[in-house]
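Working notes for the structure below.
The values are calculated or read from the model by the stated rules, or taken from the named source; none is laboratory data. Treat the numbers as computed from the prediction; the structure is a model and nothing was measured. Here Cβ is always computed from backbone atoms with ideal geometry, including for glycine, and neighbour counts include all displayed protein chains. Heads up: the accessible areas ignore ligands, DNA and RNA and are worked out on the full protein's heavy atoms, side chains in. Shrake-Rupley method; radii C 1.70, N 1.55, O 1.52, S 1.80 Å.
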Amino acid sequence: MKKILYHGFINHNQNVIDILNKKYNWKPVVNVSIEKDKRWFEKNFSNFSFLDIPSLRRFEFEKFLNKIKINSINIDELDLLNVHKVGYFGSFDETKIGNFSLRELKNLFIEYLSFWKSILIEKKVDIVIFLNWPHRSDCYSLYLIAKYVLKLDVLFIDQTPHLDKYYQTIGKDLNQLHLPFMKHYLNGTFKKNNQNVEEYVNKLKKKQTLKVDVEYIINRSKINIFFDFIKRFTKVFILTLLRGEGFKKPLIFLKKNTNYYKSSSYLMNNFEYLFFCLKKNIQTKKLKKYYEKNCTESENNENYVLFAAPFQPEVNTNALVGNSEDVITCLEMISKLIPKDWKIYYKEHFSTFLTNDYNRSSLIKDKNYYERIKKINNIRFISSKESIYELIKKSKVTASVSGTSSFEAAINEIPSISFGNCWYMGCKSILTINSFQDLKKAFEKINNGFKPSIDDIYNYLYAISSSSIKELTYYKHTFDRKKISEDELKSKSSVLADFLYSKYNEYYPDNEKI
């Protein structure tokens, strides 16, 4: 029997927990979910702890520690996790940079780690399984303490929708998102002639791939922000008269001020959230106007490195890439190594200027941010309206922070470099950068004629398809709106349960088998 802590398995995903328990004797001893799922667990399991995600994100630890022996984190363990501290600090949401003080962030780092250490030891957990990448304040701290301090087995469902067809895999290490594909890639044990791979390559040779969730967000951004605000405000106002909706706390935990995080006045209510979104969207429109004003057109005969800027804040380009999420540092490194007659074309990510509830780029990127970039030698801003595909094809090198642009460049046989951690970092045809020396060696290789191999790229994509399952969880993705029957749900749950068990035995072969 294995004792499992599940994080984020809500609603229909409860079927997965049930199947793993009955089929493989994986007993759920801790479930971290939402309050409405508690009754189902009480009906189906005994002797388990239920932890409510919203309460954890409001830092209400005490309500779950009743009759549990406290196991505080010690100095040695903190030293072990120091390298992850800065990335963890970025997992807290705030309406303005600085609402969380440095002291508060340090305190919360210790509180969360001590909380999870106490829970995991008390319940004698063997495996921790996440439905998503552990990247928020509650789940990332759980991941850190489980993996690095208590040395527990960890699994998470990788939410990257590969091949534009929602191929998904199971990971065990956030710092090695490419790891699930390496066995097939290095051993050549992948299946070739996958039609989805061929279609994906052809798409990237012709144009940038758009996914369902991106299309949804773009469409949401086409709405007039003032008309949308009036409509939503009116609805909340009416619901406030009926049941006080406007003064309730939304399920989005943004710290609105510098008040102490244990006080009752740091969270915004629904009215405040609506005004925050309006203000943020106005800032985004102003930021786009400022950026475009500083742009110049690309030139046909110019030698340049295309730097495809990341969308931030966002899990793939913040929590999962370490220090490489600092774009200005990456640009300064490139500037020092390129020939004097080369330029760096900085092209902002199109999502940076979308006006919707999800985009918080204007909290990170402002006029001062762009002014700092302008001071870097040989930098030129390129309009976000210009075709990324045409810019890639004409570039000498394409660079990104774990962005798809680097992979698009490699498919088009353009040398590409990628900073940080990404799903394609195991591919030999892409130069992955984790240090200044890595970047120096990359440019030396490029100067000596390095070119990506399309055959190698095909092999890597074949390895992805052979290591993944189509629509592992995306069949019920929020933005897809795809309806699915109960029988299909049960079938999908069974596939996911079997895949989790299979990947566990692959990653942790020395553990006792059931």
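Observations on the model:
- Residues in segment 131-170 that are under 23 Å from Ala463 (Cβ atoms) and more than 13 Å from the chain's Cα centre (by Cα): Val154, Leu155, His162, Leu163, Asp164, Lys165, Tyr166, Tyr167, Gln168, Thr169, Ile170.
- The residues on offer are Lys336, Lys365, Lys340, and the sole one that is among the basic types (Lys, Arg), crowded, with 21+ Cβ neighbours inside 10 Å and either part of a loop (DSSP other than H, G, I, E, B) or over 18 Å from the mean Cα position of the chain (by Cα) (or both) is Lys365.
- When residues of segment 30-61 are limited to those that are more than 27 Å from the chain's Cα centre (by Cα) and outside any helix (DSSP H, G or I), the one surrounded by the fewest Cβ atoms within 10 Å (Cβ to Cβ): Ser46
- Boolean, Ile376 is part of a loop (DSSP other than H, G, I, E, B) and either free of Cβ contacts under 8 Å to residues at least 12 places away in the same chain or open to solvent by less than 50 Å² (accessible area, probe 1.4 Å) (or both): yes
- Of all residues in segment 240-260, those satisfying the criterion of being open to solvent by 40 Å² or more (accessible area, probe 1.4 Å) and aliphatic (A, V, I, L, M) are Leu241, Leu242, Leu251, Ile252.
- Among the residues of segment 159-172, the one identified as modelled with pLDDT of 95 or more, in a loop (DSSP other than H, G, I, E, B) and not β-branched (Val, Ile, Thr) is Lys172.
- Among the residues of segment 84-94, at least one is of a type in the set (Ser, Thr, Tyr), farther than 19 Å from Val30 by Cα and not in a loop (DSSP other than H, G, I, E, B).
- Looking only at segment 343-360, and only at residues there that are outside any strand (DSSP E or B) and touching a Phe, Trp or Tyr at 6+ places or on another chain (Cβ under 7 Å), the one that is modelled with the highest pLDDT: Glu348
- Thr284 vs. criteria farther than 30 Å from Gln176 by Cα, modelled with pLDDT under 95, open to solvent by less than 40 Å² (accessible area, probe 1.4 Å) and not charged (D, E, K, R): yes
- Among the residues of segment 173-201, those that are surrounded by fewer than 20 Cβ atoms within 10 Å (Cβ to Cβ) and not in a helix (DSSP H, G or I) comprise Asp173, Asn175, Gln176, Gly188, Thr189, Lys191, Lys192, Asn193, Asn194.
- For segment 343-361, the set of residues classified as open to solvent by less than 10 Å² (accessible area, probe 1.4 Å) and among the charged types (D, E, K, R) consists of Glu348 only.
- Only one entry of Tyr458, Tyr424 meets the criterion of being open to solvent by 40 Å² or more (accessible area, probe 1.4 Å) and either touching a His at 6+ places or on another chain (Cβ under 8 Å) or outside any strand (DSSP E or B) (or both), and that entry is Tyr458.
- Verdict on Ile464 being surrounded by 19 or more Cβ atoms within 10 Å (Cβ to Cβ), among the aliphatic types (A, V, I, L, M) and out of contact with any strand residue (DSSP E or B) (no Cβ under 9 Å at 6 or more places or on another chain): no
- For segment 323-333, the candidate set comprises residues that are among the acidic types (Asp, Glu) and either open to solvent by less than 50 Å² (accessible area, probe 1.4 Å) or out of contact with any helix residue (DSSP H, G or I) (no Cβ under 9 Å at 6 or more places or on another chain) (or both); within that set, the residue that is farthest from Ser418 (Cα to Cα) is Glu332.
- Within segment 380-390, the only residue that satisfies the criterion of being touching a strand residue (DSSP E or B) at 6+ places or on another chain (Cβ under 6 Å) and either surrounded by fewer than 18 Cβ atoms within 10 Å (Cβ to Cβ) or among the hydroxyl-bearing types (Ser, Thr, Tyr) (or both) is Ser383.
- Of the criteria (1) modelled with pLDDT under 95; (2) assigned to a helix (DSSP H, G or I); (3) farther than 25 Å from Asp93 by Cβ, which one Asp138 fails: (3)
- Some residue of segment 74-82 being among the hydrophobic types (A, V, I, L, M, F, W, C), open to solvent by 40 Å² or more (accessible area, probe 1.4 Å) and free of Cβ contacts under 8 Å to residues at least 12 places away in the same chain: yes
- Lys106 meets the conditions (1) open to solvent by less than 40 Å² (accessible area, probe 1.4 Å); (2) under 21 Å from His135 (Cα atoms) in every case but one. The failed one is (1).
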